[in-house]
Amino acid sequence: MKQKRYNHEFKQTVVELYRSGQAVNNLASEYGVSEVTIYKWIKLYSPIEGKEDLTAAEVSEIQKENLRLKQEVEILKKAMTIFARK
């Protein structure tokens, strides 16, 4: 069975419908998405408690970017020591 892919806007629309008061089981049957998937989207696209401007997806992206930047800094430090020896 082929896995369905949903775009970002569709996911956010379903989450907004949930927030407006529609039940998850109704949304699941109407849009052909499992309830578990909708609950995952709700968790992913809902603001984090205490951090109203950030969602779990945004935090994950920030963490990935932070890791990439740390790796770049380490590479530059190593390059600096190599060039300093010459």
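Summary value for segment 8-85: 18 percent relative contact order, contacts being C-alpha pairs under 8 angstrom separated by 6+ residues. Against the chain, whose longest principal axis is taken from its Cα atoms, helix 56-85 shows a tilt of about 10°. Only DSSP H runs of four or more residues enter the estimate; each adds -39500 (n - 2.57), and after division by the residues of the chain the mean residue ellipticity at 222 nm equals -23500 deg cm²/dmol. Kirkwood analysis of the Cα pair distances in segment 8-85 returns a hydrodynamic radius of 15.2 Å. Coupling constants for segment 21-30 follow from the phi torsions by the Karplus curve (6.51 cos²θ - 1.76 cosθ + 1.60, θ = phi - 60°), and in residue order they are x, 6, 6, 4, 5, 5, 5, 4, 6, 5 Hz; glycine and proline get x.
Since every read-out is calculated from the coordinates, none of them should be taken as a lab result. None of these values were measured; they are calculated from a predicted model.
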